[in-house]
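Notes follow the structure.
The values are calculated or read from the model by the stated rules, or taken from the named source; none is laboratory data. Remember, it's a predicted structure, so these values are computed and weren't measured experimentally. Positions of Cβ are generated from backbone atoms using ideal geometry, with glycine treated the same way; all protein chains shown enter the neighbour counts. Side chains included, ligands, DNA and RNA excluded: accessible areas come from the protein's heavy atoms. Shrake-Rupley method; radii C 1.70, N 1.55, O 1.52, S 1.80 Å.
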Amino acid sequence: MSLSIMLSQLSVGMVRAVGIFALTLLFSLPLGMLIAFARMSKNAIIKNIARVYISVLRGTPLMLQLLVVYFAPFYLWHANISGYRFAAVIIGFSLNYAAYFAEIYRGGIQSIPQGQYEAAQVLGYSKSQTFFRIVLPQVVKNILPAVTNEVITLVKDTSLAFALAYQEVFTLAKQIAAAQTNFIPFVVAAIFYYVFNVLVAFVMERIESKMDYYR
Amino acid sequence: MKILEINNSRKHFGDLEVLKDISLSVEKNQVVSIIGPSGSGKSTLLRCATLLETLDGGDLIYLGDYAAKADENGNAVYASPEELKKIKMNFGLVFQNFNLFPHYSVLKNVMEAPVLVQKRNKEEVKAEAMELLRKMGLEDKADVYPYQLSGGQQQRVSIARALAMKPNILFFDEPTSALDPELTGEILKVIKDLAAEHMTMVIVTHEMAFARDVSDYIIFMDGGVIVEEGTPDQVINHPTQERTKLFLSRFKND
């Protein structure tokens, strides 16, 4: 197999890895906010549901969660799960990453001094004006380094879709390497992940420096 | 005309009674200072007056409008959120720790609430905000961020922010306590200037000499009650209560 054929096959997997990455962020970033609010709720039932959710999703392996998400419909309802593979990958990743983002958001929201809320309250801001204008912009700045960490981990974690035999770049590299008894696919995959992460780090740094205008 | 009236107010935190049957009223153009040791309840009184805390009992009245009204058992019953929102526009509060919004420029800190909350014309508000900053000696700081300012400058911005809402009464909660001693003077001067312009103010402070000079009326609180009240001359120069004398003796050098 020539290098160019190998690369063109692997590039299909790279696009799929980017797809997992982008869709996971798209769903888990807002879902994490919902879970963070549930976790901070005054309602004990809602708060404890969120607490258990975060505990389980952070306390068990993502690979195992992917298997559960994929196979549960079959075992529970004998549902036909062919064609469900990609959706299962995205659901599994999003549920898992939302748990981590929720805790990052919670930390960020709780780090905002009470005085900010009080100043806004005395000036007559509504609750939602206070959150979106005063609290959230400061939270975003505070949590960026922690979010960057998660996002970088996500780039590498996309390889766990291997557990569901979803043909992203790592799964393909392993198949090609085994079939051709060739080490090169692993090198290509490694370079892909590394370059992807260099790009992610670059973008996140740019965003951080954009928010550097205040302390 | 009474701007603020508080009748028989009570407040407790757990087992601790912080306010025990406190009453006071503030006339238009009057400057009232509240002095007393830490834990005397004076900051809690201010926080209840500015709706940051709720009273357990008593009346809280701004210009005849009841924010809270005592029921037949004396328990405070608060007005609806819509009414409270209107009543809130009567007062401003200057915090001990400024509580400026760090992600806003100085000008935006001063301008946003009048535009957003009071729905006033942006250009008009901007002109007024610049005028307020000029008065505070900060016209060249409009575009900088709070972290670039000294504590005294930040506190002046927070005074401008409160004044931009055109309150009928302005509360100060230990406005100089977070400042270096050499910076307290500039804030006290701003408050004196406001008093000269007949701004109605209630000031919780530990600055006895300042309270004596700027106030029309002084309230000495201890243990959740008003121990002594009257003109500065009565309370500071000729106190009649032992507790007042003991408290003031610590400030003798003022």
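Before moving on, here are some points about what is shown:
- Taking the DSSP bridge list for the range B:55-208 and keeping only pairs wholly inside it, about 45 percent are antiparallel.
- Here the contact order of the range A:1-123, divided by its residue count and restricted to Cα pairs under 8 Å and six or more residues apart, works out to 36 percent.
- Residue-level accessible surface for A:Phe183, protein heavy atoms, 1.4 Å, Å²: 140 Å²
- Solvent-accessible ranking of B:His12, B:His198, A:His78, B:His103, largest area first, probe 1.4 Å: A:His78, B:His198, B:His12, B:His103
- Relative contact order [Cα under 8 Å, 6+ residues apart], chain A, whole percent: 28 percent
- Helix-only CD estimate at 222 nm, as mean residue ellipticity for chain A, using -39500 (n - 2.57) per DSSP H run (n ≥ 4): -26500 deg cm²/dmol
- Heavy-atom surface analysis with a 1.4 Å probe gives the range B:88-161 a carbon and sulfur content of 45 percent of its accessible area.
- For the range A:144-191, the spread of Cα coordinates along the three principal axes comes to 42, 23, 9 Å, biggest extent given first.
- Counted without the sites themselves, the longest stretch of chain B free of GluC sites (Glu not before Pro) in a DSSP loop having at most 12 other beta carbon atoms within 10 Å is B:73-196.
- Between B:Gln154, B:Gln30, B:Gln241, the GNM of chain B built on Cα springs shorter than 10 angstrom shows B:Gln241 fluctuating the most.
- The trypsin sites (Lys or Arg not before Pro) found in the range B:100-143 that occupy coil by DSSP, while having at most 11 further C-beta atoms within 10 Å, are B:Lys119.
- Surface listing: A:Tyr53, B:Tyr62, A:Tyr105, A:Tyr194 arranged by accessible area from highest to lowest gives A:Tyr194, A:Tyr53, A:Tyr105, B:Tyr62, probe 1.4 Å.
- At most 15 other Cβ within 10 Å, DSSP loop - trypsin sites (Lys or Arg not before Pro), the range A:8-65: A:Lys42
- Each other residue within a Cβ distance under 12 Å of A:Thr148 adds +1 if Lys or Arg and -1 if Asp or Glu, for a net charge of -2.
- Global form of the protein assembly as shown, assessed from the alpha-carbon gyration tensor, a/c cut-off 1.5: prolate
- Using a cutoff of 8 angstrom between alpha carbon atoms and counting only pairs six or more residues apart, the relative contact order for the range B:1-84 works out to 29 percent.
- Gyration tensor analysis over the Cα atoms of the range A:28-122 returns equivalent ellipsoid semi-axes of 34, 13, 11 Å (largest first, whole Å).
- Compactness relative to 2.2 N^0.38 Å, alpha carbon Rg of the range A:119-165: 1.90
- Chains B and A together, accessible area buried on both sides, 1.4 angstrom probe, square angstrom: 2100 Å²
- Database remark: amide H of B:Glu53 closer than 5 angstrom to the amide H of B:Cys48 (H placed geometrically; neighbours at sequence offset of 5 or more, or on other chains; Pro and chain starts carry no H).
- Applying both filters, DSSP loop and at most 16 other Cβ atoms within 10 Å, to the chymotrypsin sites (Phe, Trp or Tyr not before Pro) of the range B:135-172 eliminates every site.
- Which listed pairs, of B:Lys69/B:Lys166; A:Lys47/B:Lys86; B:Lys88/B:Lys166; B:Lys86/B:Lys122; A:Lys127/B:Lys42; B:Lys126/B:Lys166, have C-alpha distances above 23 Å, in listed order: B:Lys69/B:Lys166; A:Lys47/B:Lys86; A:Lys127/B:Lys42
- Under-5 Å amide H pairs with B:Ile203, H placed in peptide plane, nonlocal only: B:Val32, B:Ser33, B:Ile34, B:Phe172
- Spatial separation of Cα centroids for the range A:142-206 and the range A:23-69, in angstrom: 24 Å
- Cα-based convex hull volume of the range B:1-138 per residue, rounded to whole Å³: 154 Å³
- Under a 5 Å amide H cut-off, with hydrogens placed 1.01 Å from N, B:Asp222 pairs with B:Val227 among residues at least 5 apart or on other chains.
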